[in-house]
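Quick notes on the structure that follows.
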Amino acid sequence: MTGSQLFYYPNRMGMIILLSMEEVMGRNGVHAILKLASLSSLLDNYPSSDDIERTFPFTTISSMTDTLEQVYGPHGGRGLALRIGRACFNGGLRHYGDQLGISEMDFRLLPFPAKVNAGVRLFADLFNQFTDQKVRVEEDGNKLLWHIERCPLCWERHAQEPVCHLAVGLLQEALYWLSGGKVFVVEEKTCIAVGDETCTIMIDQSPIF
């Protein structure tokens with residue numbers, strides 16, 4: 001953080017994350033994480049889906065993901081974060097699908113490779129438009145590089161290896177949805193928490209199957 005500057009997600013996205021955690025872990029599991037993360041103010045007090053104000057802090061998101069790993073260990077926390085990320089995509093689709101335009105006929109009729117490429121860029125635009133997160137997409141041969149230049153998942157965290165597993169899970173599910181059920185290699189290669197300039201997630205545009 002620079003000085004006292006704070007960054008935020010819209011409350012609606014905060015609600016999506018919390019409900020996705022509940023879907024994966026159950027309400028008691030979420031309550032335990034919130035208490036350990038000193039976020040008791042959120043207990044049974046999730047933001048409203050109608051609230052699009054940006055007041056859900058990056059620090060809250062980072063604290064929740066960090067606490068997941070503390071409680072369940074790096075491996076267990078990673079697995080949970082991936083599943084929460086996948087659930088976040090499905091929850092987000094209900095609230096942001098129309099704004100993304102991915103249900104429009106023109107988009108649905110795009111050839112498969114173009115649909116994947118365009119879809120990833122539309123998701124990046126969504127974050128850039130509605131949140132304080134900054135995402136840049138770069139094409140490198142058959143790979144798409146999803147660069148998170150301001151990341152809420154590892155905000156103020158320090159780690160030995162990349163920790164933005166929730167974003168990886170979200171992109172895995174997005175690609176699964178965009179492709180009609182295909183599975184892609186999605187892997188975080190660099191992370192700000194490790195000391196890198198960006199959290200960069202590599203997406204192979206050719207599905208495994």
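The values are calculated or read from the model by the stated rules, or taken from the named source; none is laboratory data. Because the structure is a prediction, the values reported are computed rather than measured. Ideal geometry is used to build each Cβ from the backbone, glycine not excepted, and the neighbour counts take in all protein chains shown.
Give the residues of the stretch 8-28 that are out of contact with any Cys (no Cβ under 8 Å at 6 or more places or on another chain), buried (at least 17 other Cβ atoms within 10 Å of the Cβ) and either among the polar types (S, T, N, Q) or over 16 Å from Leu170 (Cβ atoms) (or both), sorted by residue number.
The answer is Tyr8, Asn11, Glu22, Met25.
Please verify whether the stretch 182-189 includes one or more residues that are modelled with pLDDT under 95, among the aromatic types (Phe, Trp, Tyr) and either more than 19 Å from Arg136 (Cβ to Cβ) or surrounded by 19 or more Cβ atoms within 10 Å (Cβ to Cβ) (or both).
The answer is no; no qualifying residue exists.
What's the total number of residues in the stretch 150-209 that are under 21 Å from Phe107 (Cβ atoms) and of a type in the set (Lys, Arg)?
Residues in the stretch 150-209 being under 21 Å from Phe107 (Cβ atoms) and of a type in the set (Lys, Arg): 1 in total.
Given the stretch 93-209, what helices (runs of 4 or more DSSP H) lie entirely inside it while holding 2 or more residues that are under 24 Å from Asp50 (Cα atoms) and under 15 Å from the mean Cα position of the chain (by Cα)?
Here the list reads 112-130, 165-178.
Just to check your reading of the model, which residue among Tyr96, Tyr9 is within 19 Å of Asn128 (Cα to Cα), of a type in the set (Phe, Trp, Tyr) and in contact with a Lys or Arg (Cβ under 8 Å, 6 or more places away or on another chain)?
Working: Tyr96 fails: in contact with a Lys or Arg (Cβ under 8 Å, 6 or more places away or on another chain).
When all the criteria are applied, what remains is Tyr9.
Determine the pairs where a residue that is on the phi < 0 side of the Ramachandran plot, located within the stretch 108-121, has a partner that is assigned to a helix (DSSP H, G or I) and surrounded by 14 or more Cβ atoms within 10 Å (Cβ to Cβ) with Cβ atoms under 6 Å apart, the partner being 6 or more residues away or on another chain.
So the pair list comes out as Lys115/Leu178; Val116/Leu178; Gly119/Leu178.
On the given criteria, is Ala159 of a type outside the set (Lys, Arg), surrounded by fewer than 22 Cβ atoms within 10 Å (Cβ to Cβ) and under 23 Å from Glu69 (Cα atoms)?
Details: of a type outside the set (Lys, Arg): yes; surrounded by fewer than 22 Cβ atoms within 10 Å (Cβ to Cβ): yes; under 23 Å from Glu69 (Cα atoms): yes.
Considered against the rule, which asks whether it is of a type outside the set (Lys, Arg), surrounded by fewer than 22 Cβ atoms within 10 Å (Cβ to Cβ) and under 23 Å from Glu69 (Cα atoms), Ala159 comes out as yes.
Could you say which residue among Ile61, Ile33 is touching a Ser or Thr at 6+ places or on another chain (Cβ under 9 Å), among the β-branched types (Val, Ile, Thr) and modelled with pLDDT of 95 or more? Working first, answer last.
On the way: Ile61 fails: touching a Ser or Thr at 6+ places or on another chain (Cβ under 9 Å).
Result: Ile33 is the single residue among Ile61, Ile33 that is touching a Ser or Thr at 6+ places or on another chain (Cβ under 9 Å), among the β-branched types (Val, Ile, Thr) and modelled with pLDDT of 95 or more.
On the given criteria, is Thr59 out of contact with any helix residue (DSSP H, G or I) (no Cβ under 9 Å at 6 or more places or on another chain) and among the hydroxyl-bearing types (Ser, Thr, Tyr)?
Working: out of contact with any helix residue (DSSP H, G or I) (no Cβ under 9 Å at 6 or more places or on another chain): yes; among the hydroxyl-bearing types (Ser, Thr, Tyr): yes.
Yes: the conditions hold for Thr59.
Starting from the stretch 65-87, take each residue that is on the phi < 0 side of the Ramachandran plot and list its partners that are outside any helix (DSSP H, G or I) and buried (at least 19 other Cβ atoms within 10 Å of the Cβ), counting only C-beta distances under 6 angstrom and pairs at least six apart or across chains.
Filtered contacts from the stretch 65-87: Thr65/Leu153; Thr67/Ala37.
If you scan the stretch 61-93, which residues turn out to be crowded, with 22+ Cβ neighbours inside 10 Å and of a type in the set (Ser, Thr, Tyr)?
Within the stretch 61-93, Thr65 is the sole residue that qualifies.
Among all residue pairs at least 6 apart or on different chains, which show Cβ distances below 6 Å where the first residue, located in the stretch 29-43, is over 12 Å from Ile61 (Cβ atoms) and the second is at pLDDT 95 or above and of a type in the set (D, E, K, R)?
Within 6 Å, the pairs are Val30/Glu22.
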